[in-house]
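**Q** For reference, the structure I am asking about is given below.
The values are calculated or read from the model by the stated rules, or taken from the named source; none is laboratory data. Everything quoted here is computed from the prediction, not taken from an experiment. FYI the Cβ positions are ideal-geometry reconstructions off the backbone, even for glycines, and counts take in every protein chain you see.
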Amino acid sequence: MSDQPEAQQSAPDPVTLHGCPLVVSYGQPVVFAPRDRYAAVMKALLADGYEMCADLTAVDYLLIPDRALPGEIAAERFEVVVNLLSLRDRKRLRVRVQVPESDPSLPTLFDQHPGSEAMEREVYDMFGIVFTDHPDLSRILMPEDWEGHPLRKDYEIGSIPVQFKQARA
Amino acid sequence: MSIVETIRDGNEPAQGLKPRSELTARELLREVGSVLRMSETDAAKLGGVPVDPSEDQTMIINMGPQHPSTHGVLRLMLELQGETVLRCKPIIGYLHTGMEKTGEALTYMQGGTNLTRMDYVSPLNNELVFSMAVEKLLGIEHDIPERAVWMRMLLSELNRMSSHLLFMATNGMDLGAVSMMIYGWREREEVLRFFQKVTGLRMNHNFIRPGGVAADLPGGWRDDVLGLLELIEPRLDEYDTLMTGQPLWRDRLQGVGVITATEAIALGATGPILRGTGVPWDLRRDQPYLCYPELDFDVIVGSYGDAFDRYAIRLNEVRESMKLVRQILDRMPAGDFRIQNKKVTPPPRARIDESMEALIHHFKIFTEGFKVPEGEVYVAIESPRGEIGCYIVSDGSPTPYRIHVRAPSFVNVQCLPHMMRGGLVADAVAVISSVDPVLGEVDR
């Protein structure tokens with residue numbers, strides 16, 4: 001079969017973009033941005049023509065702590081994944097940022113990509129990752145007085161406990 | 001105190017729309033400026049948004065979540081000055097059922113049943129994007145049999161027709177053209193009747209699956225599709241007579257809910273909203289998948305980005321889809337409807353009766369599912385509402401480690417404040433309708 005996924009993300013690739021390691025996962029380019037340079041890299045990518053933030057989501061890698069990442073990037077518990085789209089060049093680019101459990105925060109993309117407003121709120125709601133300087137960081141899908149962040153891997157499923165602060169079980 | 005510390009202390013901010021007397025000019029201008037991709041100072045020069053805090057003649061009201069024209073359970077907080085909408089904030093989550101969390105517990109075999117319920121108006125597109133993502137992880141995306149690919153295109157285009165016909169119905173209903181509502185539902189039902197014949201269900205089909213489709217087309221399908229096309233074509237002309245050329249209809253929609261190309265791109269809007277602003281962006285053409293490059297179709301674009309453009313685009317996209325369906329009918333190849341790969345394909349029903357191995361294989365694949373190699377992919381296709389994307393992280397087990405759906409409506413709903421700014425409350429209904437959100441996929 002000629003179409004085996006050629007380059008897995010574990011295969012290190014010397015290519016970089018704006019100083020960040022660039023790998024190809026199943027034919028899709030992925031950039032691993034260090035957290036402290038996340039805002040700068042996103043600004044540079046916007047200037048490169050990646051004008052639309054198609055998607056912003058996160059993954060909780062609690063159960064895969066020691067996964068291999070390219071370059072100097074150290075694996076952390078959370079990972080924010082941003083899918084950028086360039087309409088002009090008809091290209092996509094995925095940016096993955098490691099976010100540590102001890103300080104789950106990232107600068108907001110609101111000023112570059114206002115369309116990420118709801119997506120960042122969803123990530124905050126589901127994973128508890130805080131986006132600093134976001135105009136309205138509050139829960140978007142869960143009720144306002146919900147406790148916990150449901151898409152975290154240590155958030156239990158299987159039973160339905162009473163989760164509201166005021167309720168008496 | 002920074003936001004990080006506030007949240008750590010257990011004081012989570014609550015969502016809401018603050019009256020402008022409690023906001024700073026910077027916060028107000030940031031809302032406008034970021035979307036136009038300019039600084040607050042430049043946004044202030046544009047004018048339009050009164051920022052005088054002494055001007056407290058504004059009122060904040062709730063529209064929804066039970067309003068009949070909010071397409072489900074969308075709630076809008078509107079800041080009004082008289083009848084003019086100054087600001088608006090969509091509040092969502094009333095239909096949230098944790099489908100992404102559920103998806104982590106379901107195998108790739110069962111995943112389709114979950115995904116198909118997100119955008120319940122175009123279920124086949126949801127299944128398609130999920131199947132394509134799984135196939136990409138499995139490395140079999142180029143091995144899907146021809147017939148399955150063409151069947152997927154047929155169903156996807158028919159689904160686009162049924163979805164846009166539903167839009168015609170709800171758009172008519174929201175604006176008081178009640179006869180249009182009846183007509184739209186009637187025509188959509190004809191398409192759903194065909195889906196029922198093919199998949200067994202009107203909605204939530206789980207028909208497009210990783211590896212192909214669930215079953216072959218039933219006998220007489222070609223006549224059914226031809227009958228459908230013959231029926232709908234003149235009906236679309238009737239819609240033109242009833243609505244497109246009608247002065248009342250035009251007055252309600254033209255110049256309402258205007259959004260520019262810059263705003264739409266900054267907000268991540270896709271589908272008819274983006275095309276309405278004159279940006280010819282259609283993933284079927286610009287990042288082709290399936291066999292779309294072999295077909296001849298036009299990407300419909302508007303020029304003003306108003307509600308009328310979005311209506312006209314959808315109406316003409318039904319015509320384009322019909323053109324595509326005709327070509328698919330001519331070229332539908334024969335052959336298998338799913339991949340003959342023991343790993344993902346269960347054995348045929350007849351084999352189970354005669355072979356113990358087939359029975360075990362069938363049992364294993366349905367109870368345990370199949371393992372998918374480690375990795376992560378993002379696959380996007382053009383759904384009737386815009387770009388629907390599926391992001392899957394696999395850890396090598398039969399269930400996805402993380403499954404995320406980029407729902408077009410979830411992103412498109414963010415356009416509402418910018419479309420409504422400065423408009424009338426009565427037009428708010430037209431604007432919501434023209435965005436055509438499906439709350440099932442907004443909240444997931």
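**Q** Filter segment A:85-112 down to the residues that are at the interface with chain B (Cβ under 10 Å from one of its Cβ atoms) and in a strand (DSSP E or B) and list them by number.
**A** A:Leu85, A:Lys91, A:Arg92, A:Arg94, A:Arg96, A:Ser105
**Q** Can you find a residue in segment B:351-362 that is touching a residue at least 40 places away in the same chain (Cβ under 8 Å) and not in a strand (DSSP E or B)?
**A** From segment B:351-362, those touching a residue at least 40 places away in the same chain (Cβ under 8 Å) are none; that's our starting set.
No: segment B:351-362 contains no residue that is touching a residue at least 40 places away in the same chain (Cβ under 8 Å) and not in a strand (DSSP E or B).
**Q** Okay, next question. Out of curiosity, is A:Glu79 part of a helix (DSSP H, G or I), within 11 Å of another protein chain (Cβ to nearest Cβ) and modelled with pLDDT of 85 or more? Reasoning before the result, please.
**A** Working: part of a helix (DSSP H, G or I): no; within 11 Å of another protein chain (Cβ to nearest Cβ): yes; modelled with pLDDT of 85 or more: yes.
Against the criterion (part of a helix (DSSP H, G or I), within 11 Å of another protein chain (Cβ to nearest Cβ) and modelled with pLDDT of 85 or more), A:Glu79 does not qualify.
**Q** Another one. Taking the criterion of being among the basic types (Lys, Arg) and in contact (Cβ under 8 Å) with a residue 12 or more places away in the chain, would at least one residue in segment B:117-133 satisfy it?
**A** Here is the first cut: in segment B:117-133, the ones among the basic types (Lys, Arg) are B:117.
Keeping just the survivors that are in contact (Cβ under 8 Å) with a residue 12 or more places away in the chain gives B:117.
So far as segment B:117-133 goes, yes, one or more of its residues are among the basic types (Lys, Arg) and in contact (Cβ under 8 Å) with a residue 12 or more places away in the chain.
**Q** Among the residues of segment A:67-84 satisfying the criterion of being surrounded by fewer than 21 Cβ atoms within 10 Å (Cβ to Cβ), touching a strand residue (DSSP E or B) at 6+ places or on another chain (Cβ under 9 Å) and of a type in the set (A, V, I, L, M, F, W, C), which is nearest to A:Leu46 (Cα to Cα)?
**A** A:Ile73
**Q** Sort through B:Thr102, B:Thr170 and tell me the only one that's free of Cβ contacts under 8 Å to residues at least 40 places away in the same chain and either under 30 Å from B:Tyr311 (Cβ atoms) or touching a helix residue (DSSP H, G or I) at 6+ places or on another chain (Cβ under 9 Å) (or both). Let's see the steps before the verdict.
**A** Numbers: B:Thr170 fails: free of Cβ contacts under 8 Å to residues at least 40 places away in the same chain.
Of the residues listed, the single one that is free of Cβ contacts under 8 Å to residues at least 40 places away in the same chain and either under 30 Å from B:Tyr311 (Cβ atoms) or touching a helix residue (DSSP H, G or I) at 6+ places or on another chain (Cβ under 9 Å) (or both) is B:Thr102.
**Q** Across segment A:129-146, what is the number of residues that are within 15 Å of the chain's Cα centre (by Cα) and assigned to a loop (DSSP other than H, G, I, E, B)?
**A** As a first pass, look at segment A:129-146 and keep what is within 15 Å of the chain's Cα centre (by Cα): A:129-132.
Then keep just the ones that are assigned to a loop (DSSP other than H, G, I, E, B); that gives A:129.
The number of residues fulfilling the criteria is 1.
**Q** Run A:Met126 past the list (1) assigned to a helix (DSSP H, G or I); (2) aliphatic (A, V, I, L, M); (3) facing chain B (nearest Cβ under 7 Å) and report the number of the one that doesn't hold.
**A** Unmet condition: (3).
**Q** Need the failing condition index for B:Thr260 against (1) surrounded by 19 or more Cβ atoms within 10 Å (Cβ to Cβ); (2) within 14 Å of chain A (Cβ to nearest Cβ); (3) not aromatic (Phe, Trp, Tyr), just the number.
**A** Unmet for B:Thr260, out of (1) surrounded by 19 or more Cβ atoms within 10 Å (Cβ to Cβ); (2) within 14 Å of chain A (Cβ to nearest Cβ); (3) not aromatic (Phe, Trp, Tyr): (1).
**Q** Still on this model: On the basis of being more than 14 Å from every other protein chain (Cβ to nearest Cβ), crowded, with 19+ Cβ neighbours inside 10 Å and at pLDDT below 80, does B:His71 make the cut?
**A** yes
**Q** Within the group B:Val372, B:Val411, which residue is part of a loop (DSSP other than H, G, I, E, B), within 29 Å of the chain's Cα centre (by Cα) and surrounded by 23 or more Cβ atoms within 10 Å (Cβ to Cβ)?
**A** Criteria check complete, one pass: B:Val372.
**Q** Please work out if A:Gly115 is in contact with a helix residue (DSSP H, G or I) (Cβ under 9 Å, 6 or more places away or on another chain), at the interface with chain B (Cβ under 9 Å from one of its Cβ atoms) and on the phi > 0 side of the Ramachandran plot.
**A** no
**Q** Shifting gears a bit: Which of the residues belonging to segment B:272-296 are more than 12 Å from chain A (Cβ to nearest Cβ), part of a loop (DSSP other than H, G, I, E, B) and in contact with a strand residue (DSSP E or B) (Cβ under 9 Å, 6 or more places away or on another chain)?
**A** B:Tyr289, B:Leu290
**Q** Quick check: anything in segment B:134-145 touching a Leu at 6+ places or on another chain (Cβ under 9 Å), more than 22 Å from B:Ala430 (Cβ to Cβ) and surrounded by 24 or more Cβ atoms within 10 Å (Cβ to Cβ)?
**A** No; the residues of segment B:134-145 include none that is touching a Leu at 6+ places or on another chain (Cβ under 9 Å), more than 22 Å from B:Ala430 (Cβ to Cβ) and surrounded by 24 or more Cβ atoms within 10 Å (Cβ to Cβ).
**Q** Going residue by residue through segment B:248-256, is there one that turns out to be in contact with a Phe, Trp or Tyr (Cβ under 8 Å, 6 or more places away or on another chain), within 14 Å of chain A (Cβ to nearest Cβ) and of a type in the set (D, E, K, R)? So that I can check it myself, show each step before the final result.
**A** Step one: list which residues in segment B:248-256 are in contact with a Phe, Trp or Tyr (Cβ under 8 Å, 6 or more places away or on another chain), which gives B:250, B:253-256.
Applying the additional criterion that residues be within 14 Å of chain A (Cβ to nearest Cβ) yields none.
Checked against the condition, which is being in contact with a Phe, Trp or Tyr (Cβ under 8 Å, 6 or more places away or on another chain), within 14 Å of chain A (Cβ to nearest Cβ) and of a type in the set (D, E, K, R), segment B:248-256 yields no hits at all.
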